1. Please name whichever of Y2, H216, T358 sits farthest to the positive end of the charge dipole of the chain, dipole taken about the Cα centre and charges placed at Cβ: Lys and Arg +1, Asp and Glu -1.
2. Once you compute Rg and the Kirkwood Rh from C-alpha atoms, what is the Rg to Rh ratio for the stretch 133-322?
3. For the stretch 133-322, with all protein chains present and a 1.4 Å probe, just round the carbon and sulfur fraction of the accessible area to a whole percent.
4. Which FRET efficiency, nearest 0.05, do E187 and S96 yield, Cβ-Cβ r, R0 41 Å?
5. Restrict the search to the stretch 90-152; then list the trypsin sites (Lys or Arg not before Pro) that DSSP places in a loop and that have at most 15 other Cβ atoms within 10 Å of their Cβ.
6. Taking the convex hull of the alpha carbon atoms in the stretch 1-145, what volume per residue do you get, in Å³?
7. Treat each spin label as a single point 7 Å out from the Cα along the C-beta direction, and report the Q162 to R342 distance in nm.
8. Gap in Å between the Cα centre of the stretch 10-48 and the Cα centre of the stretch 155-227?
Amino acid sequence: MYITRLQIAGFRNYGQAELQLDRGLNLVVGENAQGKSNLLEAVYLLSTLRSSRASSDADLVRRDLLDTEFPVARLRAEVRRAAGNLEIALAVVGRSAEGQRAGKRVRVNGLARRASEAVGELAAVLFSTLDIEVAAGPPILRRRYLDMMVSQVDRGYLRAMQRYQRVLQQRNGLLKRIQARDAAPAELGFWNQELAHAGGVIMKGRADALGLLVAHASQQMAALSDEAETVDLTYKPALGDAIERDLPLDDAEWTDRMLRALEQGRPREIAAGVTLVGPHRDDVEVRIDGLPAGAFASRAQLRTAALSLRLAEAAYIQTCLGDEPVVLLDDVLSELDERRRRGVLDSFETFQQAIVTTADVDRVRDALAGATGRFAVSGGSVSRFEGE
Ligand code: ATP
Ligand code: MG
């Protein structure tokens, strides 16, 4: 799929901006702090309905609008897709006012939709310089990597995640009351069932996604690295002592396994007053050339692994949707050497559209030559330019 038109108003440092985008490679050039990342954030927000840089809705609204009566940021995109053309519009209301609640409103082809129903209508993958953390940083980054990817192509997964979060909070509350002898341990039975049902869907979704990802990721890693390095991803579900060597196959088996883990972990959970097993504690082990990435990998290896994981994400979405996601590259090219830059750009030829930002046009001159659309960003305004 590809975006043909993007409109931004009152979002971050943007006043009013409109871009007619092309199929192929779109290059966005601008000095630091002019709005390049904000532009990609806008596209990513239309795709996932969640900001790429976790923040409150109010942060997304242009700051000088926050004092006005109705502070709202508006994003809109027209998209050509295999599954039929799409027009998606998002309004982010920064503060409650009379008759208006703060929060996000979405319209898909003119009809109001819940955010959870609109996620992934526009499919996108965002490459950022922060991705280097995904392989070696804390487990929450790897869970988020999987969640953002799978929920774009699987509504059932997204619903299970939302239910899981609600049940988890209830169950943690109950554990605290049991600890304080305000509730009976027998009350856990119902919440264990609820948690394990949602958890089963999530763990099955993650295991399946990783099954598809591993081959793509290692293929990309070998192609991008001089030494033909390998990257391995292994799912580490947080099932306490109930974890066995062979992982379950269907939702029901995952749910069973999780129920057992919850039963076994009961004394520990009551003592801790929080839920200790389940997908909110999962991890994915990343190994580069056979060694755990967090402890052993070099910066260059982590960077290459990060690119490989994003390229694998794009391939995963393409496989699941039967349509290519829009790929967004935030300032990633300039930190790569010539060979990797070429490798990344070559692999983009399988996608219909890429939007690539850079602050340093000299470092990516080779990429610029192949760009079909060129845009300059300055102080929250965008203009098209021709030539170099
Ligand atoms: P760099 O090359 O350093 O990555 P950039 O072009 O990617 O820069 P952005 O991250 O897009 O820059 O940010 C541009 C500017 O937008 C920043 O100066 C930031 O302070 C500003 N900004 C962010 N949120 C808001 C907001 N809600 N209202 C007004 N300005 C904002
Ligand atoms: Mg930036």
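The values are calculated or read from the model by the stated rules, or taken from the named source; none is laboratory data. This one's a predicted model, so the numbers in the text were calculated from it and none came from an experiment. Neighbour counts are summed over all protein chains in view; Cβ atoms, including those assigned to glycine, are modelled from backbone coordinates with ideal geometry. The area values use the complete protein model at the heavy-atom level, side chains included, leaving out ligands, DNA and RNA. Shrake-Rupley method; radii C 1.70, N 1.55, O 1.52, S 1.80 Å.
1. Comparing the listed Cα positions along the dipole, Y2 ranks first.
2. With Rh from the inverse mean 1/r over Cα pairs, Rg/Rh is 1.03.
3. 51
4. Calculated value: 0.70.
5. The qualifying sites are R101, R114.
6. 135
7. Using points 7 Å along Cα→Cβ, the separation is 4.7 nm.
8. 33
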